[in-house]
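The values are calculated or read from the model by the stated rules, or taken from the named source; none is laboratory data. Keep in mind that what you see is a predicted model, and the values were worked out from it rather than measured. Cβ placement follows ideal geometry from the backbone for every residue including glycine, while neighbour counts extend to all protein chains displayed. Just the protein is used for accessible areas: all its heavy atoms, side chains included, with ligands, DNA and RNA removed. Shrake-Rupley method; radii C 1.70, N 1.55, O 1.52, S 1.80 Å.
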Amino acid sequence: MLALVVTAPSQAQNKRSRVRESGIEVGILPPGPHNAITDVAGVTVGHRTIIEGTNIRTGVTAVLPHGGNLFQDKVPAGFAVANGFGKFMGSTQIEELGEIESPILLTNTMSVPEAAAAAIDWTIGRPGNEAVRSVNAVVGETNDGTLNDIRARRVSKADALSAIAAAKAGPVAEGNVGAGTGTVAFGWKGGIGTSSRRLPANLGGHTVGVLVQSNYGGVLSVAGVPVGQALGQYMLKDQLHGRGGDGSVIVVIATDAPLSDRNLKRLARRTFLGIARTGSPITNGSGDYAVAFSTSEAVRRTAGRRSAVSAYEEVPNDRVTPLFQAVVEATEEAVLNSMFKAETMESNGARIEALPVERVVQLYRRARR
């Protein structure tokens, strides 16, 4: 029996190239140094990857907005839905209060309760939270039931706690890791992907980072090139031969720009333009969710720091358009990174091939010529 449980695998374990390493540039804005959500200072990411036997391929991914006490030092946040066939725990309180007070966890559809229990235990266990009696656990999911025996509910609270404990800055492992271990995108292997964009100083100098869990379909487009059509694998081809475009995608957005929860919600909405650029029509059976938060100290909601009437500095409305462009580009590239880095996987009676990167690059170069 194959049994592999990995916490925070290193990027070096996967030799497949990311999108930019393959010579494909997405958008007009430059990425940050790691081209990852962790380019936003303070943000950390951890994975727990679970591969067991011939039918368990799943895991947990954790995103922490900062390294302090998240409950006492809340970050403003916005939430958006493109199609709501899914579960996103904690979304109503984000909508109501515009803030996040726990780690953001991603996992499979049937393991949301275990992930939430981990977020709650982790939060009430932090020094200073001894009197906490309510925690809004934030958990997103996609269904990895093609490659994973999802009914086994293999993910445990301990696994989710391990993902949180493994969270670190720097490069982020992508592809078949964490919550992306068993996911499928556009008929090829999906997974976890990340990207970032940094605005020039005259546009604020802010960074926007994105992390996705890709598990959806459509007609794959890579930097504007209709790759899915060229490779003969796409939604609605010959009435699909039974192949649908349904699925889900979770997008986590971080920025150091001082934004209100209202403008963070606007930022979250724009991420679906990046999803559309990859070729998704946002199908009826898809759960497409985005959550955005700001790490800026200027807008932090720290317990006891604010007076009865609070005043916040924030980027004004007429300066947010470059941030919108940044999140669209970073989302598109994060999805493509999730597929470029993912490897062929066989499990649960199914075999899902990796995206043929060399053929994709050839199509891209031909289109550019």
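Couple of notes before you dig in:
- Here the spin labels are modelled as points 7 Å beyond Cα on the Cα-Cβ line, and at residue 21 and residue 133 they lie 5.1 nm apart.
- Residues residue 302 and residue 350, FRET efficiency given R0 of 51 Å [Cβ-Cβ distance, rounded to 0.05]: 0.60
- Each semi-axis of the equivalent ellipsoid for the range 162-310 is √(5λ) with λ an eigenvalue of the Cα gyration tensor; in descending order they amount to 34, 17, 15 Å.
- When the residues 85, 324 are ordered by accessible surface, computed with a 1.4 Å probe over the protein chains alone, the sequence from largest down reads 85, 324.
- Comparing the range 6-80 with the 2.2 N^0.38 Å rule of thumb, its C-alpha radius of gyration ratio is 1.43 (two decimals).
- Rounded FRET efficiency, nearest 0.05, which uses the C-beta distance separating residue 151 from residue 237 and R0 of 30 Å: 0.50
- Debye intensity ratio in log₁₀ form over the Cα atoms of the range 105-225, taken at each q of 0.12 Å⁻¹: -0.57
- Anisotropy class of the range 161-221 from Cα gyration tensor, a/c 1.5 cut: oblate
- Working note: Karplus 6.51/-1.76/1.60 with θ = phi - 60° gives the range 88-94 the couplings 9, 5, x, 5, 5, 6, 4 Hz, where Gly and Pro are set to x.
- Full extension of the chain segment joining residue 92 with residue 321 gains 79.8 nm, where the gain is 0.36 nm per residue of separation less the Cα-Cα distance.
- Contact order relative to length of the chain, as percent, for alpha carbon pairs under 8 angstrom and 6 or more apart: 24 percent
- Which of 166, 231, 179, positive extreme of dipole for the range 82-240 (C-beta unit charges): 231
- Using all pairs of distinct alpha-carbon atoms, the Kirkwood hydrodynamic radius of the chain works out to 20.1 angstrom.
- Full extension of the chain segment joining residue 168 with residue 229 gains 18.1 nm, where the gain is 0.36 nm per residue of separation less the Cα-Cα distance.
- Reduced Cα scattering model of the range 115-157, Debye log10 I(q)/I(0), q = 0.17, 0.31, 0.32 Å⁻¹: -0.59, -1.11, -1.15
- For the listed peptides 26-32, 186-192, 261-267, a ranking on the average number of other beta carbons within 10 Å per residue, highest first, reads 186-192, 261-267, 26-32.
- Distance histogram for the range 259-323 (every C-alpha pair counted, 5 angstrom bins, percent rounded to whole numbers): 3, 13, 21, 19, 14, 11, 8, 6, 4, 1
- In whole angstrom, the range 311-369 maps to an equivalent ellipsoid with semi-axes of 36, 20, 6, each derived as √(5λ) from the alpha carbon gyration tensor and ordered largest first.
- At an R0 of 35 angstrom, the distance between the Cβ atoms of residue 121 and residue 85 translates into a FRET efficiency of 0.75.
- Using alpha carbons only: equivalent-ellipsoid semi-axes of the range 226-369, gyration tensor based, whole Å: 38, 17, 14
- Additional length obtainable on full extension of the chain from residue 28 to residue 368, 0.36 nm per residue less Cα span: 120.9 nm
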